[in-house]
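Okay, structure first, notes after.
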Amino acid sequence: MSHQSLLKLLCLFFGLLTPVVGFAADIDGSTLSLAWGIPFVGILLSIALCPLIIPTIWHHHFGKITALWSVLFLIPFTMTFGMDLSVGLVSHAMLAEYIPFIILLLSLFTVSGGILVKGNLHGSPKLNTALLAIGAVLASLMGTTGAAMLLIRPLIRANDNRKHRVHVIIFFIFLVANIGGGLTPLGDPPLFIGFLKGVDFFWTAQHMLLPVFICTAVLLVLFYLVDSYYYKREDELEPRDPTPDSKLRLYGKFNFILLLAIVGSVLLSGFWKPGIEITLLGVHMGLQDISRDVLLLVIAGLSMLFTAKQIRSANQFNWEPILEVGKLFAGIFITIGPVLAILRAGQEGHMASLVAMVSDSQGAPINAMYFWLSGALSGFLDNAPTYLVFFNLAAGDAATLMGPLQQTLLAISMGSVFMGALTYIGNAPNFMVKSIATQSGIKMPSFFGYMKWSFGILIPLFLILTGIFFLV
């Protein structure tokens, strides 16, 4: 992606900020049929099937295909409910959800891409396991996107003389792009949503520590066994190492300061409450949120300005991964609106049977079901709004959820974070890691091929977690 393309993308974002008065984004989910979810399902199926059926067309036109599904949703939606509600839906999806989401990813992607780990290590099972462990820890400190973008290229280089590398990337997605981010609100978007809704920063760290530790420990042990199996095969190592082992050196250290600035900007929006709001297209935006997004863009700009071009070139840095995520998730955020509205309608909506599964006959929460439903939907919907739906379904009040319903909040948090690893679209870094791996010559599994790995490995682990935390 050229600088001109990036500029056009940013101009598109801010073009949506043009004030228009009188639009509302409220949708009565009880009046919507499940047919309104067809375009959303269409995008998911396109992501899953097009790379298999029409790989060349998909590679060059995935943005247009995603836009087509969005248009096929918006035209009948506008004809049925009117222009006001249609524009309100899009403006809310873009201003309140998509733009903050993509700006945070863009800043983390840009800054972490300016840090170069030069040199090469030998991709042995011990080293790979150590890198995954380090990445899992960093994910909660600098976000899953930041940690994933920082370590994915060094990990790929360390293993570029091996024939079997797919399992390395898959476990990297499990641990660094998802589960490792479960300790703080900075680590994963759903937990940040909870933080903005009033969940204490340290509540997350305290209550998520044990489940994150169990998952991480089990997956690291399993990875070491799988990697050792492949490593011991006679034909595993290529005759020539494309990047021979050499001493590691760190370049672009200035970007570590910028990473801290990103963390500070995110925290600022959670702690600073000036009580000033701006209404754009019917969407109420707090000054703290606007300030955060502007700061994040400034930080990304500083990284581009002051990081030597040689560093990004050596990092094989380009805009394709963030562009792919940006285009696909723009369509997802627009078409997901009716699906979330139906879920929010609870017993009055067409997913009433699904909603009824999370409570018993007395109305008490069934925490195991909160874990599995919030998790299963997070694997296929965006995990941040899914977290919010179940947060509101359970109580909607942070004090209550941190008190008598703390196990319910734990179930929602675990499900939303952990099960984002079930599919490529469960969490944005998943797709970015896949894209970088593919660009590096690693033949990654298809959408369903990845799910064979994730379901086969993660579902048994999640069943164990269910027994430990919600059935005992």
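The values are calculated or read from the model by the stated rules, or taken from the named source; none is laboratory data. Being a predicted model, the structure only gives us computed values, none of them experimental. As a convention, Cβ positions derive from the backbone with ideal geometry for all residues, glycine included, and neighbour counts pool all protein chains shown. Side chains are part of the model used for accessible areas, which takes the heavy atoms of the whole protein and leaves out ligands, DNA and RNA. Shrake-Rupley method; radii C 1.70, N 1.55, O 1.52, S 1.80 Å.
Being over 26 Å from Met142 (Cβ atoms), in a helix (DSSP H, G or I), free of Cβ contacts under 8 Å to residues at least 40 places away in the same chain and of a type in the set (Ser, Thr, Tyr) narrows it down to one of Ser353, Ser361, so name that one.
One residue alone meets the criteria, Ser353.
Give me a count of the residues in region 199-227 that are among the hydrophobic types (A, V, I, L, M, F, W, C), open to solvent by less than 80 Å² (accessible area, probe 1.4 Å) and touching a Phe, Trp or Tyr at 6+ places or on another chain (Cβ under 9 Å).
Matching residues across region 199-227 total 9.
Can Asp188 be described as over 18 Å from Trp453 (Cβ atoms), open to solvent by 10 Å² or more (accessible area, probe 1.4 Å), of a type in the set (Asp, Glu) and in contact (Cβ under 8 Å) with a residue 24 or more places away in the chain?
no
For Val87, only one of the following conditions fails: (1) outside any helix (DSSP H, G or I); (2) open to solvent by 30 Å² or more (accessible area, probe 1.4 Å). What is its number?
Here Val87 meets the rest and fails (1).
Could you tell me how many of the residues in region 35-55 are at pLDDT 90 or above and either open to solvent by 30 Å² or more (accessible area, probe 1.4 Å) or of a type outside the set (Gly, Ala, Ser) (or both)?
Here the count works out to 4.
Examine region 432-447 for a residue that is touching a residue at least 12 places away in the same chain (Cβ under 8 Å) and touching a Lys or Arg at 6+ places or on another chain (Cβ under 6 Å), and state whether such a residue exists.
Yes, region 432-447 has at least one match.
Just to check your reading of the model, which residue among Leu458, Leu401, Leu410, Leu405 is buried (at least 16 other Cβ atoms within 10 Å of the Cβ), touching a His at 6+ places or on another chain (Cβ under 7 Å) and not aromatic (Phe, Trp, Tyr)?
Within the list Leu458, Leu401, Leu410, Leu405, the selection yields Leu410.
Given the condition in contact (Cβ under 8 Å) with a residue 12 or more places away in the chain, more than 24 Å from Ser303 (Cα to Cα) and in contact with a Ser or Thr (Cβ under 6 Å, 6 or more places away or on another chain), answer yes or no: does some residue in region 80-100 qualify?
yes
For Ala395, are the conditions met, namely being hydrophobic (A, V, I, L, M, F, W, C) and either open to solvent by 10 Å² or more (accessible area, probe 1.4 Å) or more than 22 Å from the chain's Cα centre (by Cα) (or both)?
yes
Name the residue, out of Leu183, Leu196, that is open to solvent by 40 Å² or more (accessible area, probe 1.4 Å) and modelled with pLDDT of 85 or more.
When all the criteria are applied, what remains is Leu183.
Do we find a residue being part of a helix (DSSP H, G or I) and either more than 24 Å from Leu191 (Cβ to Cβ) or open to solvent by 70 Å² or more (accessible area, probe 1.4 Å) (or both) anywhere in region 277-284?
No, the conditions are met nowhere in region 277-284.
Quick check on region 135-167: of everything there that is farther than 22 Å from Leu250 by Cβ and in a helix (DSSP H, G or I), which residue is least open to solvent (accessible area, probe 1.4 Å)?
The qualifying residue least open to solvent (accessible area, probe 1.4 Å) is His167.
Can you work out which of the residues in region 301-317 that are polar (S, T, N, Q) and without any contact (Cβ under 8 Å) to a residue 12 or more places away in the chain is farthest from Leu106 (Cα to Cα)?
Gln310
For region 314-327, what are the residues that are surrounded by fewer than 22 Cβ atoms within 10 Å (Cβ to Cβ) and either modelled with pLDDT of 90 or more or assigned to a helix (DSSP H, G or I) (or both)?
Result: Ala314, Glu320, Leu323, Glu324, Lys327.
Report whether or not Phe202 is free of Cβ contacts under 8 Å to residues at least 40 places away in the same chain and part of a helix (DSSP H, G or I).
When the stated conditions are applied, Phe202 passes them.
Of everything in region 328-353, what is in contact with a helix residue (DSSP H, G or I) (Cβ under 7 Å, 6 or more places away or on another chain) and open to solvent by 30 Å² or more (accessible area, probe 1.4 Å)? Give them in sequence order.
Arg344, Gln347, Glu348, His350, Met351, listed by residue number.
Taking region 421-455 as the search range and keeping residues that are farther than 26 Å from Ser112 by Cα and among the hydrophobic types (A, V, I, L, M, F, W, C), which one is surrounded by the fewest Cβ atoms within 10 Å (Cβ to Cβ)?
Checking each candidate, the answer is Phe448.
Conditions (1) part of a helix (DSSP H, G or I); (2) out of contact with any Phe, Trp or Tyr (no Cβ under 9 Å at 6 or more places or on another chain); (3) more than 23 Å from Ala205 (Cα to Cα); (4) acidic (Asp, Glu), marked per residue:
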site	(1), (2), (3), (4)
Tyr387	yes, yes, no, no
Gly396	no, yes, no, no
Gln407	yes, no, no, no
Ile442	no, yes, yes, no
Ile459	yes, yes, yes, no
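Report every pair of residues separated by at least 6 positions or lying on different chains whose Cβ atoms are under 6 Å apart, first residue within region 103-121 and assigned to a loop (DSSP other than H, G, I, E, B), second of a type in the set (Ser, Thr, Tyr).
Between residues of region 103-121 that are assigned to a loop (DSSP other than H, G, I, E, B) and residues that are of a type in the set (Ser, Thr, Tyr), the close pairs are Gly114/Ser303; Gly114/Thr307.
Quick check on region 285-313: of everything there that is open to solvent by less than 20 Å² (accessible area, probe 1.4 Å) and of a type in the set (Val, Ile, Thr), which residue is modelled with the lowest pLDDT?
Residue satisfying both the conditions and the ranking: Thr307.
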